[in-house]
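A quick write-up on the structure given underneath.
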Amino acid sequence: VYQYPCVWIDFRNREDKYANYFNNAVFATRYNYLFSFMNRFSFETYDVDIWGLSACDGPAGYKHYGASEGNHDGTIAPYASIASIVFTPDLSLRAIRGMLGKYGPLVWGRYGFVSGFNVDARWFSKEFVGIDQGVIVTMLENYRTGFVWNTFMRIPYVQEALKKIGFVEKVSDYAVTPWYMEEYKKMTSGPTGRIAKAPKRTITVDGNLDDWEGVPRNVVDEDMNVPAGGIRKVDKRTQILHSHFYAAWDDERLYLAARVFDEYLVINIAPDDLGAFYRTDSIEFYLDPSRAGSNAGIFKIAIIPFDTAGNPQAVRHEDANPGPIQKVAPEVKVASSKTENGYVIEVSIPFKYLGIVPRPGTVIGFSHTIHNSNKRDAKLGEYVRENILSWTPVADTWARPESWGTLELAE
């Protein structure tokens with residue numbers, strides 16, 4: 001995200017109305033280093049001069065590693081630090097020397113640095129990935145002479161394109177422009193006063209909503225669009241997309257259900273493709289049990305109504321314990337059914353996963369999000385998401401639990 005655009009385009013002292021992307025990359029890269037540095041006592045691989053968390057081969061295969069909790073395991077991608085040399089020459093040169101000095105031929109071979117290594121797992125990749133070597137070579141040359149930048153920036157089409165999309169030359173020390181900082185504050189200061197009531201009732205999780213008769217209905221409608229790049233607002237003139245959702249509880253479990261109204265259900269995820277369900281038609285429920293005094297951490301469940309074998313699938317996604325539900329929260333129950341105008345999803349979550357002893361009056365941070373596509377020829381596994389609606393429709397709502405509404409357990 002930060003390196004590859006800067007391989008070709010010289011973003012130094014340039015900005016559009018949103019950001020100075022070179023400065024942004026500098027800040028992000030220094031954070032990447034700092035994250036490794038602060039975790040060096042927990043992972044043997046990380047060291048004062050050995051860092052670089054990014055997508056690469058790992059002990060269990062390719063993974064999109066990053067500088068965030070739950071998204072790293074001690075695996076270092078050498079290209080991440082080396083190809084950042086234009087952003088952090090001091091840290092990157094030290095990383096090169098540090099990796100070669102400490103591990104030598106274990107990380108360096110015929111084609112340069114290997115694709116990844118993890119000392120904690122006693123694993124060193126034998127692979128050399130072309131795109132990794134390419135970004136290393138081009139960024140080293142940009143650091144040395146600026147050759148790639150100078151050549152690419154002379155292309156008339158590139159110059160004209162930058163002008164048309166609003167880039168101007170400007171020396172600044174910020175990453176995000178003051179104008180966009182204010183706009184972002186507006187987008188992320190959305191409704192936090194929403195309250196959903198959950199009466200005490202045991203529900204059979206079978207994809208049928210008969211058990212929910214009399215339970216208060218909450219609505220996510222076509223106007224509750226989440227602002228996000230590459231995402232379109234729902235066109236109410238041509239689309240049907242909304243959700244009626246419900247909540248209930250008993251002494252052991254929290255029950256959630258959503259009836260999603262969607263004129264076309266896209267089913268393009270294979271049973272073994274358990275991740276990133278936001279690519280296609282799916283829903284999410286977000287739970288923040290800290291509002292009830294729990295330290296169990298955020299619980300976010302993403303659910304597709306049907307995989308290509310006709311079954312629902314669920315994962316915990318970007319939360320305190322991410323992974324397929326069968327592995328990380330095996331007592332969660334999920335069911336789905338098709339309707340004449342969409343689909344139904346039901347889920348029950350044991351309170352023990354939330355670290356809560358439920359009682360009337362307990363409150364939990366809560367939101368419900370819908371991801372939608374209407375692409376009728378979606379390929380298997382293809383990213384086809386077009387719309388996002390949410391009960392708390394603010395930018396990055398999935399990462400902003402302070403913006404979520406409240407789920408209150410009632411009598």
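The values are calculated or read from the model by the stated rules, or taken from the named source; none is laboratory data. Computed from a prediction, not measured in an experiment: that's the story for all the values here. No Cβ is skipped: glycine too gets one built from the backbone with ideal geometry, and neighbour counts run over all protein chains shown.
May I ask you to verify whether residue 124 is in contact with a helix residue (DSSP H, G or I) (Cβ under 6 Å, 6 or more places away or on another chain), over 30 Å from residue 410 (Cα atoms), at pLDDT 95 or above and not charged (D, E, K, R)?
Answer is yes for this residue.
Looking at (1) free of Cβ contacts under 8 Å to residues at least 40 places away in the same chain; (2) not in a loop (DSSP other than H, G, I, E, B), which one does residue 377 not meet, given that it meets all the others?
Here residue 377 meets the rest and fails (2).
Tell me, yes or no, whether region 79-95 has at least one residue that is among the charged types (D, E, K, R), at pLDDT below 95 and closer than 26 Å to residue 124 by Cβ. Please lay out each step first, then the result.
Initial filter on region 79-95 (among the charged types (D, E, K, R)): 90, 94.
The next check asks that each one be at pLDDT below 95; those that pass are none.
Looking for residues that are among the charged types (D, E, K, R), at pLDDT below 95 and closer than 26 Å to residue 124 by Cβ, one finds none in region 79-95, hence no.
Just need a number here: residues in region 380-411 that are of a type in the set (Lys, Arg) and surrounded by fewer than 19 Cβ atoms within 10 Å (Cβ to Cβ).
The total comes to 1.
Looking at (1) surrounded by 16 or more Cβ atoms within 10 Å (Cβ to Cβ); (2) more than 26 Å from residue 373 (Cα to Cα); (3) not hydrophobic (A, V, I, L, M, F, W, C), which is the one condition that is false for residue 186?
For residue 186, the failing item is (1).
Check residue 329 against each of (1) surrounded by 15 or more Cβ atoms within 10 Å (Cβ to Cβ); (2) farther than 30 Å from residue 229 by Cα; (3) more than 21 Å from the chain's Cα centre (by Cα) and name the one condition it does not meet.
Residue 329 satisfies every listed condition except (3).
For every residue, the table says whether it meets (1) within 27 Å of the chain's Cα centre (by Cα); (2) loosely packed, with under 15 Cβ neighbours inside 10 Å; (3) on the phi < 0 side of the Ramachandran plot; (4) of a type in the set (Ser, Thr, Tyr).
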position: 83; (1), (2), (3), (4): yes, no, yes, no
position: 87; (1), (2), (3), (4): yes, no, yes, no
position: 90; (1), (2), (3), (4): no, yes, yes, no
position: 94; (1), (2), (3), (4): no, no, yes, no
position: 105; (1), (2), (3), (4): no, yes, yes, no
position: 110; (1), (2), (3), (4): no, yes, yes, no
position: 114; (1), (2), (3), (4): yes, no, yes, no
position: 122; (1), (2), (3), (4): no, yes, no, no
position: 125; (1), (2), (3), (4): yes, no, yes, yes
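Filtering region 338-351 down to residues that are touching a residue at least 40 places away in the same chain (Cβ under 8 Å) and not β-branched (Val, Ile, Thr), which residue is nearest to residue 410 (Cα to Cα)?
Of everything passing the filter in region 338-351, 351 is nearest to residue 410 (Cα to Cα).
Could you list, in sequence order, the residues of region 151-183 that are in a helix (DSSP H, G or I), free of Cβ contacts under 8 Å to residues at least 40 places away in the same chain and of a type outside the set (Phe, Trp, Tyr)?
Once the filter is applied, which keeps residues that are in a helix (DSSP H, G or I), free of Cβ contacts under 8 Å to residues at least 40 places away in the same chain and of a type outside the set (Phe, Trp, Tyr), region 151-183 yields 151, 156, 159, 160, 161, 163, 164, 178, 181, 182, 183.
For region 84-111, how many residues are under 22 Å from residue 61 (Cα atoms) and not in a helix (DSSP H, G or I)?
5
Quick one: what pairs do we get from region 299-321, first residue in the same structural domain as residue 265 (by TED's automatic domain parsing), second surrounded by fewer than 21 Cβ atoms within 10 Å (Cβ to Cβ) and of a type in the set (Lys, Arg), C-beta under 9 Å, 6+ apart or different chains?
As it stands, the answer is 305/338; 306/338, since those pairs meet every condition given.
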